[in-house]
Each structure stands twice: as C-alpha cells, then as structure tokens.
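> Quick one: the structure is below, and I'll ask about it shortly.
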Amino acid sequence: VQLQASGGGLVQLGGSLRLSCAASGRWMTSYTMGWFRQAPGKEREFVAATSRGAGGPYFADSVKGRFTISRDYAKNTVSLQMNNLQREDTAIYYCAASIYSSRRTAVSQYNHWGQGTQVTVSS
C-alpha cells in the first residue's frame, strides 16, 4: 500500500483547505482511511477517519463541526475538508491506512502512512 497526500499550504485564520490522499494497493476498499496530524513538539494525533466497518466517519473532538472527510472508493482517494482553520490546526497532516475496518483512532492501529503535508494557519 502506498499513500500520497497533497493539498497542504498556508492559509489565513478562519480559512479553508482541502487535503487529498491517493492510495494504491490491493483490497483498499476494506481499509480504514484516516488523517492524523503532528504539530512541532507534540505527538501525532488522530484527526478523522472513515471506513465501511465503522458505520461512517468519525472525528477528533477538536475538529468536529469544522472538518469533514470523504472517500471515493472507486478512485481510492480520501479527502479532508478543513474549514474555519485555527492556529492550533497548524501541523503536518498525514494520511494513513489501517487494514482493520472498525473504528481506529490510535497511531499504532494504522499500518501504512503517507509522507505528510504541511498546513500552516497564519493570523
């Protein structure tokens, strides 16, 4: 499995960005696809994920109501729409895939990682 994330950049406070992740590999439709982020000096943290086994998308409390996650099973892509971005959203965002289809929010539960894309929110 290979994951390629894109779409990061510099955005003003309150602005929006859309991240995309293209996945390649077998049986991708059965994987959980998620987004994590890591700010300087902090541990990598869960942001959002989606899988058929989890019954729908789920989000970290810190981004609920501002971020949405969507997935195109035919194209093997997953996107993260980020609205009303705040300074604390500044981080490197990573796309990840877990072979398990149930709800997965821990870093250790994901088997494959993309290279990360930087999101910087400025005021």
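> Using a 1.4 Å probe and ignoring any ligands, DNA or RNA, find the accessible area of MET33 and quote it in Å² to the nearest 10.
10
> Translational diffusion coefficient, Stokes-Einstein: compute it for segment 49-123 using the Kirkwood radius over C-alpha pairs as Rh, at 10 °C and 1.306 mPa s, and state it as an integer in µm² s⁻¹.
Diffusion coefficient, whole number: 118 µm²/s.
> Right, something else. Report the charge-dipole magnitude of the chain in Debye, nearest 20, computed about the Cα centre from +1 at each Lys and Arg Cβ and -1 at each Asp and Glu Cβ.
Roughly 240 debye for the chain.
> List the residues of segment 36-60 whose backbone N lies under 15 Å from a point placed 7 Å from the Cα of SER30 along the Cα-to-Cβ direction.
Counting only backbone N, you get 52-54.
> Here's something else I'd like to know. Can you give the alpha-carbon Rg of segment 1-104 over 2.2 N^0.38 Å, where N counts its residues?
Normalised Rg, Cα atoms only: 1.02.
> Of ARG66, ARG37, ARG44, which has the most accessible area with a 1.4 Å probe, and how do the rest follow in descending order?
Output order, biggest surface exposure first: ARG44, ARG66, ARG37.
> At 7 Å along Cα-to-Cβ for each site, give me the label-to-label distance between GLN38 and TYR73 in nm.
Simple spin-label model gives 3.2 nm for this pair.
> If ligands, DNA and RNA are left out, what is the accessible area of PHE67 with a 1.4 Å probe, given in Å² to the nearest 10?
About 10 Å², rounded to the nearest 10.
The values are calculated or read from the model by the stated rules, or taken from the named source; none is laboratory data. Keep in mind that what you see is a predicted model, and the values were worked out from it rather than measured. A quick note on method: Cβ atoms are made from the backbone with ideal geometry, for glycine too, and the neighbour counts reach across all protein chains shown. In case anyone asks, the SASA skips ligands and DNA or RNA and just uses the protein heavy atoms, side chains included. Shrake-Rupley method; radii C 1.70, N 1.55, O 1.52, S 1.80 Å.
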